[in-house]
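The values are calculated or read from the model by the stated rules, or taken from the named source; none is laboratory data. The structure displayed is predicted, hence computed values, not measured ones. All Cβ positions, glycine included, derive from the backbone under ideal geometry; neighbour counts span all protein chains shown.
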Amino acid sequence: MLVRTLRAEKFRNLQRVSLSFSARVNVLLGPNGQGKTNLLEALYLIAGFRSFRGAKTRELIAQDGEAARLVAEVEADGVERAVELTLRPKGKAYLVDGKAPGSLADWVGRLVMVTFSPDDLFLVKGEPDIRRRWLDRVIFLLDPEHLRFVMQYTKALKTRNALLKDGMFGRDMLLLDAFDATLAKCGAKVRAARARWIAELSLLVDRELSALTGGVHHAKLADDSEVGAADEAAYLATLVQRREDDVKRRLTSWGVHHDDLEVTISERVARRFASQGEQRALTLAMKLAETELVRERRKVAPVLLLDDVTGELDAVRNQFLFRELERHEGQVFVACTELPARLAEAGFSGTIFDVDAGEIRERK
């Protein structure tokens, strides 16, 4: 998995940049607020994902622009690809090798990327939907078909809730049957996939956290779902059983959209009892586990996008992180305010880019 080149036009503060990247380590150097994270965000969007900062499409377009454009040459699944993404206020459009993919799900996951940024700390302490999105993203990378079921479920849920909110009258009740059938089919698939991968991720997270903390702490990921092991028929039966209550509440009160991932550190619920340092270490362990699982299952090294990681970790954890980077076989992008000593000590092999007010120049 490689990003060979990237051109960006009118993307946030990147007015016009054209870059070629090292196949190993690429360091983006510069003060905060100059555009380093914007470049990482552009790379992540090229892979087909939403902004890892949670930005809306309009926020990605430069203030003086009507549209933003990203063009990249990548290697995905051993095949050279040309990817073009056009962002407009009302949406975005992908071209892969000059053609629109049948659906976004046909492209997502082919170029495998894993991010780590300060916002990822909310993975441990934030709301359940943050952990659901992380888990689903990991599964996307292992099984791209999972994205279709999540997207279909989300679309059916949104429409069903709109019907319930408006009030149910006559024929509208019949429409619920169609949406319930979709929710049952897709919800059962999503639930089974989440349950399958949580156990394997838990083992990897525990291993990584133990290494990070010298064996002081151990971690566990546990499935927290009201749906349980429901198959499609059982899922549909529960939706029908709860329909009257949903009509009164005017929302869909049960389903996989309420799933959560319980994260514990040394047998304590992390979001309630972990210190800030423990949360950082646990978040990093979850990201390293994601990377390792993808590497094991897909036999590829994902592209790593690291945004200001060194500023969020203490010296010991920084040493561990850069030891991991040294053994990582794939491409790495590191955004930071100064060249990490660990990289310099190891004998830097890669490319350094200086970033200043949206201008990005390769250091010669």
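Structure above, values below:
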quantity	calculated
Hey, T291 touching a strand residue (DSSP E or B) at 6+ places or on another chain (Cβ under 7 Å) and among the polar types (S, T, N, Q) or not	yes
Cross-chain or 6+ apart pairs with Cβ under 8 Å, segment 130-150 first and surrounded by fewer than 21 Cβ atoms within 10 Å (Cβ to Cβ), then polar (S, T, N, Q)	R148/S103
Search result, residues across segment 151-169 that are touching a residue at least 12 places away in the same chain (Cβ under 8 Å), among the small types (G, A, S) and not in a loop (DSSP other than H, G, I, E, B)	A156
Residues (surrounded by fewer than 22 Cβ atoms within 10 Å (Cβ to Cβ) and modelled with pLDDT of 75 or more) located in segment 307-326	D308
Some residue of segment 170-177 being of a type in the set (G, A, S), assigned by TED's automatic domain parsing to the domain that holds T291 and touching a helix residue (DSSP H, G or I) at 6+ places or on another chain (Cβ under 7 Å)	no
Complete set of residues in segment 82-102 that are on the phi < 0 side of the Ramachandran plot and without any contact (Cβ under 8 Å) to a residue 24 or more places away in the chain	A82, E84, T86, A93, L95, V96, K99, A100, P101, G102
Condition check for R69: touching a strand residue (DSSP E or B) at 6+ places or on another chain (Cβ under 8 Å), closer than 25 Å to V17 by Cβ and of a type in the set (D, E, K, R)	yes
Total residues in segment 85-105, condition in a strand (DSSP E or B), in contact with a Ser or Thr (Cβ under 9 Å, 6 or more places away or on another chain) and surrounded by 11 or more Cβ atoms within 10 Å (Cβ to Cβ)	6
Criterion violated by R171 - all others in (1) modelled with pLDDT of 90 or more; (2) more than 29 Å from L325 (Cβ to Cβ); (3) basic (K, R) satisfied	(1)
Total residues in segment 61-84, condition buried (at least 22 other Cβ atoms within 10 Å of the Cβ) and either over 28 Å from R363 (Cβ atoms) or in contact with a Leu (Cβ under 6 Å, 6 or more places away or on another chain) (or both)	4
Selected residue (criterion: modelled with the highest pLDDT) from residues of segment 180-219 that are surrounded by 17 or more Cβ atoms within 10 Å (Cβ to Cβ) and outside any helix (DSSP H, G or I)	A219
